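For reference, the structure is listed below as structure tokens.
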Amino acid sequence: MVETDHGPGAEATPAPTGHTRILDWVAEIADVTTPEDVVWCDGSRTEWDRLTARLVDKGTFVALAAKPNSFWCVSDPEDVARVEDRTFICSHSRRDAGPTNNWVDPVDMRTVMTEHYRGAMAGRTMYVIAFCMGPVDADDPKYGVQITDSEYVAVSMQIMTRSGTPVWGRIGADAEFVACLHSVGAPLRPRQPDVAWPCNHTKYIAHFPESRTIWSYGSGYGGNALLGKKCFALRIASVLARDEGWLAEHMLILKLTSPQGRNHYVAAAFPSSCGKTNLAMLEPALAGWKAETIGDDIAWLRFGADGRLYAVNPEAGFFGVAPGTGTKTNPNAIATLEQGNSIFTNTALTDDGDVWWEGLTATPPPHLTDWRGNDWKPGTAAGPAAHPNSRYCTPIDQCPSVAPEWDDPAGVPLSALFFGGRRATTIPLIAESFDWNHGVFMASVLSSETTAAAAGQVGVVRRDPMAMLPFLGYHVGDYFAHWLRLGNRADPAALPKIFQVNWFRRDEDGQFLWPGFGDNVRVLKWALERIEGTAAADTTAVGYVPVPSSLDLSGFSAAAKRRADAALEVRHEEWIDEIASIEDWYAGIGSGTLPTQLCDQLAALKNRLAHT
Ligand code: GTP
Ligand code: MN
Ligand code: MN
């Protein structure tokens, strides 16, 4: 048993597990990293109170006066986002990481990182957190154990995952688990005072897919440090899914109920900051429609005995982008945060102990503390009060729109999959694929603008296959083959239909053609009517597109209707450029690995564009 009996070791606790590999691993890491003490987390409210109080004492957290049990913090100004250039897939063979990932040989990476970890937790407490991605009563629960020297990470993991005593109790003596090692990389000498946000200029986010292991070093930011999320539930899980015949995807999960009372579940993949959380908490603009939230970021998709594809949200909280979240754009997110029990990172702080960010209210309060901890007054400040990637971390079960089945171990059966990006031109508001392979083709060439397009200008387009570019744990060509294989061996009638959407098409003046947000239900309604066989469509070169009268635009002005028509247009001259860009993307994957079905789909698209 790993237990120390000195210093602040009053906290040191006995191990709540007899799992030999976990005990040995924790002992080994404690030997290397030399923490002051080792705490096995139970995930209790008492533990939350103790750790949040410690974070307040250290100056990391400010307790909010305006929201119960909620805390504000700012990070080191250099530790504000995922670090894609420091993220590595360390598969045995370089080939398996594919052309879209950074690769380092796993033996070399372990050697280099072990030297960074040596003594890295000196003067700190090492926390051991057991967690389960997805409902704890699942048939095949996926466990993780995270070691971290950050109290911020320990409390955030309580929100974002099912963790603590119930999970320790379920991890059987030799159950599989993903070993997640995290250190902020900031050891303390005796009596050296700590800083509010410890981190290291050197950062590594390393994944070892064959041994199902994650090593993260140097960052405290959510996407780099809460290892259950992107690192496990997407990068490592995509490898598990490949090996076990399922899919781990960057998707929201939504339940829709029509005025007639018919239910449909849908999932949608959009790249980061392209509207997943917004759509997941949709307030429908059409009377009688109801939307309920199941997940806002990650979906695990497995086939059920009935041949249908079922979706589970592996997470238990939202780690959402704060700026742009307001009562107009996302009232459900605001209501979730009002309940309290939340952590805000890199937003601004008001003088009366509340948080603020751009887009929360139309006008900012007269004085704020900005995300760098400086005084901020509207009109005089150089930059925004909240960092553009500032985030809230809040429990999903507080969300007023949460569906009761969000925690169902069986998941929910999907009627449709949507893939969308941020495109000023070319991509219509919605297009239905002709069949599964065509839908996989659409998803494999999904693209989004890296920078917000200036008025009239088109941004830089980056291919982001299935919105998974930064999150794939293996070769992108193999991933496409996996998608094709799963669909081709399934009953076509039971498969979800695949649609492509684009909320972000613009006019010549750079204005969005489609109002978006709550009005997106009109687009979803058309898709569901296609599934039920009642909506009319034009067969275009790029897919089935609504005939104008089939999209419910009730309440729209004549001008708004004309703009919606423009958003639906398929312009062949734009698609000529698109084809060239798709060919470049496919060429980079390599003809040896790119499935021939996708080359056939591209050829068929070119042929349709030439002949329609
Ligand atoms: P991650 O959590 O980083 O994976 O991103 P996300 O996909 O959850 O993004 P989020 O929902 O936070 O989207 C944020 C951005 O998309 C904000 O700038 C929103 O204003 C914008 N957005 C969301 N939905 C719409 C829409 O329907 N139309 C338009 N024009 N903008 C939208
Ligand atoms: Mn995301
Ligand atoms: Mn989100």
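Please give the Cα centre distance for the range 470-485 versus the range 505-527, rounded to the nearest Å. Between the Cα centres of the range 470-485 and the range 505-527 lies a distance of 30 Å. Rounded to the nearest 0.05, what FRET efficiency is calculated for E583 and N488 with R0 set to 35 Å and r the Cβ-Cβ distance? Between E583 and N488 the formula returns 0.90. Packing around the peptides 269-281, 550-562, taken as the average count of other Cβ atoms within 10 Å per residue, puts them in this order, highest first: 269-281, 550-562.
Would you list E47, E583 from fewest to most Cβ contacts within 10 Å? Each step should come with its number before you reach the end.
Numbers: E47 20, E583 13.
In order of increasing Cβ crowding within 10 Å: E583, E47.
Shown here for the range 150-211: trypsin sites (Lys or Arg not before Pro) in loop regions (DSSP other than H, G, I, E, B) with at most 11 other Cβ atoms within 10 Å, namely R191. With N the number of residues in the range 462-570, Rg(Cα) / (2.2 N^0.38 Å) evaluates to 1.28. In bins 10 Å wide, starting from 0, what share of all Cα pairs of the chain does each bin hold, as a percent? Computed distribution, short to long bins: 3, 16, 27, 27, 17, 7, 2, 0.
Computed extension gain for K58 through N102, at 0.36 nm per residue and net of the alpha carbon distance, reaches 12.2 nm.
Stretching S211 away from A610 to a fully extended chain increases their span by 138.8 nm, per 0.36 nm per residue minus the current alpha-carbon distance. Computed over the range 311-442, the range of Cα coordinates on each principal axis works out to 55, 39, 23 Å, biggest value leading. Put simply, the amide H of A122, placed in the peptide plane, has neighbours under 5 Å in L188, leaving out anything fewer than 5 places away on its chain. Distant-in-sequence amide contacts of I498, defined by a placed amide H-H separation under 5 Å and a gap of 5 or more residues or a different chain, comprise L417, S433.
The amide H of A424, built 1.01 Å from its N in the peptide plane, has G459 as neighbours under 5 Å, considering only residues 5 or more places off or on other chains.
Assuming R0 = 30 Å, can you tell me the calculated FRET efficiency for the pair V112 and D140, based on Cβ-Cβ distance, to the nearest 0.05? Each step should come with its number before you reach the end.
On the way: r = 34 Å, r/R0 = 1.14.
The pair V112/D140 has a calculated efficiency of 0.30.
Compared with the dominant Cα axis of the chain, that is its longest principal axis, helix 106-117 is turned about 50°. Give me the net charge for the shell around E583: Cβ to Cβ below 12 angstrom, other residues only, Lys and Arg +1, Asp and Glu -1. Around E583, the charge tally is -1.
With neighbour counts taken as other beta-carbon atoms within 10 Å, the residues K142, K606, K377 rank, fewest first, as K377, K606, K142. Taking Cα atoms only, the orientation of helix 20-33 departs from the longest principal axis of the chain by about 70 degrees.
Cα centroids of the range 284-348 and the range 571-612: 34 Å apart.
Axis of helix 596-611 versus longest Cα principal axis of the chain: the two differ by about 40°, to the nearest ten degrees.
Cα convex hull of the range 49-129: mean projected area in nm², to one decimal? Let's see the in-between values first.
Working: hull surface 33.7 nm².
Spelled out: convex hull of the Cα atoms, projected over all directions, averaged, 8.4 nm².
For the range 206-273, applying the loop criterion from DSSP together with a ceiling of 13 other beta carbons within 10 Å to the GluC sites (Glu not before Pro) yields E210.
Could you sort out which of K67/K290; K290/K525; K255/K497; K67/K276; K525/K561 sit more than 21 Å apart by Cα distance in this structure? Provide the component values of the computation, followed by the final result.
Numbers: K67/K290 28 Å; K290/K525 11 Å; K255/K497 16 Å; K67/K276 25 Å; K525/K561 17 Å.
With Cα atoms farther than 21 Å apart: K67/K290; K67/K276.
Bear in mind these aren't lab numbers, they're just calculated from the coordinates by the rules spelled out. Just so we're clear, the structure is a prediction, and the values are computed from it rather than from any experiment. With ideal geometry, Cβ positions are generated from the backbone for all residues, glycine too; neighbour counts draw on all protein chains shown.
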